[in-house]
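Working notes for the structure below.
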Amino acid sequence: MVSTLAAFVLGVALLQQVSELPSGHVLLGVLAAALALAVSAALARHTHGRIGRAATCAVAALLGFSHAAWVAHQRLSDELSFSDEGRNIEVTGIIAGLPSHTERGVRFAFEVEQVEPTIVHVPRSITLAWYQSTDEVRSAQRWRFLVRLRRPHGTFNPAGFDTELWMLEQGARATGYVRDGPGDPVPRCLQQTVWRLNPMIDRMRDGLRERLQRELTERRYGGVMVALVMGDQGLIAQSDWILFNRTGISHLVSISGLHITMIAGLAALAAGACWRSSPRLLALAPVQTARALAGAGGALAYCLLAGWGVPAQRTFVMLATVALALLLRVRLSAATVLCAAAALVCAWDPWAVMAAGFWLSFGAVACIFLVFSGRVPAQGRLHARAAGPAQAAGQAQARRLSVWRARLSAGLHEASRVQAAVTIGLVPLTLVLFQQISLISPLANAVAIPLVSYLVTPLALAGALACCLGEPMLPVAHLLLTAAHGLFELLMEVLNGLVQLPFAWIGFAAPPGWTVAAAGAGIAWLLAPAGWPLRWVGAAWLVPALVWPPERPDPGALWVTALDVGQGMALVLETTESTLVFDTGPRVSQDADAGARVIVPYLRARGIDRVALLVISHLDSDHSGGAPSLMAALKVDRVLTSIDREHEMLRSAPDVQRCETGQRSTLGPLQLTVLNPAASLYDLPRASTNSKSCVVLAQLGATRALLTGDVPLRQEAGMVASFGPDLGAQLLVAPHHGSRTSSGEAFVGAVGPRWVSVQAGYRSRFGHPHPEVLARYRQHGAQVVRSDWSGASRWRFEADGSVRLEQWRLDHARYWLNQPSRWAQGASRAGPDDAPG
């Protein structure tokens, strides 16, 4: 049973690794093979047991693969065509979920009911942004908007978050924005409240969030309180997430499995107490049935309050599996319950296997089951010790005190075992997913788990309930929420102290897959039940994952990685000895930028914790927006920039130097020459930030790469006049993202690049890269590599002169990824560079 369920999960996971979905004919062949194997398994079960079991597992794997493929086909069939991107489309529908108000406006999910023109197919579920400050948009309203849409498309980088997979899982099959400019139809609210189940749940949640925000106004951790009550994490600051990750308590500041299980347990206990007190209820059904139903019902209610998100769905399915086993009086082993829950989760949501939370939650439960397998529960032993008649009242009281002390000691001992097992057991996963191990996590969780789970969360939930009961209960709600916030504030003071300890957390490079598999086997050996031979040997299996050196360039080699940061620029140059970062991508919002979301995760996955030189070409936000996060997360030795040294961004930066034409420096074997700006530009008050862009020529042996920022035509002409043929480079970073105001004929001819890296956003509103510029590069024999089509790209210039180009969106394709280059190749006879962006 266990192996069959695990095989189903494996089949689902295998489907998520394919670059293209199998066709209907292939799926029919797979199902036919599964049927044939099922017949063989039935025939061989009694005569050849092992063969029969193997065939049964194969059938389960094929069914899991086919089921996941069928669900994916259904989801992907509801899509926006490439030819309909950017069109004006009038849509009527319902505001779904919780609208998210940002500094730029409001974002919300939209369930489409009607489309004009009718020849355009718009997915049923889309995500819209309305770039104006408005409080008019509320859940469960029906609106009519004029919108422009595009297909799901996010940045795609090694060790980066896969936005397109997340959108597929959420069912959002297009994104866009509301048009409300001069000449556009005015957005209209057609109905204030749509009286359906899902919209009404969303409206109730929206109203509760509004009341909570009102009660928690100006509270430092008010966003955490909202997240604990209803799962909306949008108000938690990025700095707080960093602290949660480094202390290992991120799972506690959301609607986690622990919290849902706690609510289910409280509901079950309350139902059991009520059931025992009524003979009539006991006559209807046993207490165990009442507890199972009440626990599942309490979990379901809390999950609906949390918005029925994917993590909540996973937890509810796990609890429902246990409840069903209790109702059916089926005695299942821990492994069977765990695998059955995993299989049901994957059947419900095939993309769950790609989520970190899936493996962390099931991995933690597996570790707990493993460490307690074959052991008698502590409570049972304590009752055995406590049994026996009391000889006198004093002796009975002393015995009771002794029993409670023993229970407390045993409880603390078991809690320590659980925390140690989970911490050790999740080491391989934290290495793969986060490239770090929190050494203070056991201590932090020992404090945080009981405080958040049994005090902060219940107080926050009670405060939310009081908010819902109306005006008379608002003072009570304020008191409860203030108490919850105060306790969490105390916890944050403790965590801030812990994270300052030496070696509070250690970063590692992302280990190879085989080392992770070996570490998992070692964990299972290490946590095996008592009596297992040489359990300590399992620790040795963890060593390869912890010490395996990250891949680095050979001596004389230069690796250049153009990261996909949307409309912005960010490159990483690596040699054997040092790392250079050129520009840091855009700042998306107050708490989100490319430094924290793209560059730092990439560098940590590469095992890089020190940047020898950070070049910030100029002040524009799409080039400098991620610099503060990068400098806060990693050690930066030196900064070279055209930004004024007194700028707030650079106040904490070490060794800031102004870039000027003619400057030369070295980073080991890598030679750097600054080609722009001229020193005189700094004295011109009206000089644009683009004209002062730092242009750096990086050279290692015969390899040359020209890094350009947003340098315009005039400065290009100046560099051609000053340096002429010395501008030559194999790799050119397109100035100003391929804008028409850059990449002049003389400049492109002087550089003569073999490759041109264009870093621009998908369907850039600035029209980057311009078709004329792309045609010019092609006329000079250059291959254009666009981040909006290729994702991150890495050039490996080796010492022997060989070059290997790796493009993440193309070379690591998955079936859900948007592939505009393939569509453009079919839509444009002149080649992909001429196709519309």
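The values are calculated or read from the model by the stated rules, or taken from the named source; none is laboratory data. Because the structure is predicted, anything quoted here is derived from the model rather than measured. Cβ coordinates were reconstructed from backbone atoms using ideal geometry, including for glycine residues, and neighbour counts include every protein chain displayed. In case anyone asks, the SASA skips ligands and DNA or RNA and just uses the protein heavy atoms, side chains included. Shrake-Rupley method; radii C 1.70, N 1.55, O 1.52, S 1.80 Å.
Okay, here's what the table says:
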| quantity | calculated |
| --- | --- |
| Residue count for segment 682-708, restricted to those that are of a type in the set (Val, Ile, Thr) and more than 38 Å from the chain's Cα centre (by Cα) | 0 |
| Candidate set from segment 243-254 (those that are more than 15 Å from the chain's Cα centre (by Cα) and open to solvent by 20 Å² or more (accessible area, probe 1.4 Å)); member that is modelled with the highest pLDDT | Arg246 |
| Helices (runs of 4 or more DSSP H) fully within segment 1-88 counting 2 or more residues that are loosely packed, with under 15 Cβ neighbours inside 10 Å and β-branched (Val, Ile, Thr) | 24-44 |
| Exclusive hit being in contact (Cβ under 8 Å) with a residue 60 or more places away in the chain, in a helix (DSSP H, G or I) and closer than 17 Å to Asn245 by Cβ, set Leu498, Leu474, Leu481, Leu491 | Leu498 |
| Wholly within segment 361-434, helices (runs of 4 or more DSSP H) carrying at least 3 residues that are of a type outside the set (A, V, I, L, M, F, W, C), at pLDDT below 65 and open to solvent by 60 Å² or more (accessible area, probe 1.4 Å) | 378-386 |
| Single residue of segment 316-351 satisfying the filter (surrounded by 17 or more Cβ atoms within 10 Å (Cβ to Cβ) and assigned to a loop (DSSP other than H, G, I, E, B)) that is modelled with the highest pLDDT | Asp349 |
| Residue in segment 473-491 that is farther than 21 Å from Ile263 by Cα and open to solvent by less than 30 Å² (accessible area, probe 1.4 Å) present | yes |
| Which numbered condition Ala698 fails, given (1) modelled with pLDDT of 95 or more; (2) open to solvent by 20 Å² or more (accessible area, probe 1.4 Å); (3) of a type in the set (Gly, Ala, Ser) | (2) |
| Per-region count, segment 267-292, residues surrounded by fewer than 16 Cβ atoms within 10 Å (Cβ to Cβ) and hydrophobic (A, V, I, L, M, F, W, C) | 9 |
| Per-region count, segment 549-572, residues surrounded by 18 or more Cβ atoms within 10 Å (Cβ to Cβ) and not in a strand (DSSP E or B) | 10 |
| Any hit, segment 495-502, residues being within 25 Å of Gly363 (Cα to Cα), open to solvent by 40 Å² or more (accessible area, probe 1.4 Å) and not acidic (Asp, Glu) | no |
| Some residue of segment 55-75 being within 30 Å of Leu190 (Cα to Cα) and touching a residue at least 12 places away in the same chain (Cβ under 8 Å) | yes |
| Out of Asp206, Asp162, sole residue that is within 30 Å of Val560 (Cβ to Cβ), surrounded by 17 or more Cβ atoms within 10 Å (Cβ to Cβ) and of a type in the set (Asp, Glu) | Asp162 |
| Those residues of segment 557-593 which are of a type in the set (Gly, Ala, Ser) and within 20 Å of Pro769 (Cα to Cα), in sequence order | Ala562, Gly566, Gly568, Ala570, Gly585 |
| Enumeration of residues in segment 525-540 that are open to solvent by less than 50 Å² (accessible area, probe 1.4 Å) and outside any loop (DSSP other than H, G, I, E, B) | Leu526, Val537, Gly538, Ala539 |
| Candidates Ala129, Ala109, Ala96, Ala140 - the one that is over 19 Å from Glu210 (Cβ atoms), buried (at least 16 other Cβ atoms within 10 Å of the Cβ) and not hydroxyl-bearing (Ser, Thr, Tyr) | Ala129 |
| Within segment 179-195, tally of residues that are in contact (Cβ under 8 Å) with a residue 24 or more places away in the chain and out of contact with any Leu (no Cβ under 6 Å at 6 or more places or on another chain) | 9 |
| Tally of residues being within 30 Å of the chain's Cα centre (by Cα) and under 25 Å from Val720 (Cβ atoms) across segment 626-681 | 0 |
| Ala356 vs. criteria farther than 23 Å from Phe372 by Cα, of a type in the set (Gly, Ala, Ser) and surrounded by fewer than 21 Cβ atoms within 10 Å (Cβ to Cβ) | yes |
| Given (1) open to solvent by 20 Å² or more (accessible area, probe 1.4 Å); (2) within 30 Å of Leu603 (Cβ to Cβ); (3) among the acidic types (Asp, Glu), index of the condition Asp240 fails | (1) |
| Test: residue in segment 441-450 that is farther than 30 Å from Ala510 by Cβ, at pLDDT 80 or above and either part of a helix (DSSP H, G or I) or under 41 Å from the mean Cα position of the chain (by Cα) (or both) | yes |
| Residue that is open to solvent by 10 Å² or more (accessible area, probe 1.4 Å), of a type in the set (S, T, N, Q) and either at pLDDT below 95 or touching an Asp or Glu at 6+ places or on another chain (Cβ under 6 Å) (or both), where the choices are Thr661, Thr703, Thr673, Thr689 | Thr689 |
| Some residue of segment 623-630 being surrounded by fewer than 18 Cβ atoms within 10 Å (Cβ to Cβ) and not in a strand (DSSP E or B) | no |
| Every residue from segment 573-589 that is assigned to a loop (DSSP other than H, G, I, E, B), open to solvent by 10 Å² or more (accessible area, probe 1.4 Å) and more than 12 Å from Glu798 (Cα to Cα) | Glu577, Ser578, Pro586 |
| All strands (runs of 3 or more DSSP E) inside segment 731-800 with 1 or more residues being of a type in the set (Val, Ile, Thr) and open to solvent by less than 40 Å² (accessible area, probe 1.4 Å) | 731-733, 755-758, 783-786 |
| Cross-chain or 6+ apart pairs with Cβ under 8 Å, segment 671-691 first and farther than 18 Å from His623 by Cβ, then charged (D, E, K, R) and surrounded by 15 or more Cβ atoms within 10 Å (Cβ to Cβ) | Ala678/Glu660; Ala679/Glu660 |
| Sole residue being in a strand (DSSP E or B), in contact with a Ser or Thr (Cβ under 6 Å, 6 or more places away or on another chain) and among the small types (Gly, Ala, Ser), chosen from Ala109, Ala129, Ala96, Ala140 | Ala109 |
| Single residue of segment 112-126 satisfying the filter (assigned to a loop (DSSP other than H, G, I, E, B) and not basic (Lys, Arg)) that is surrounded by the most Cβ atoms within 10 Å (Cβ to Cβ) | Val122 |
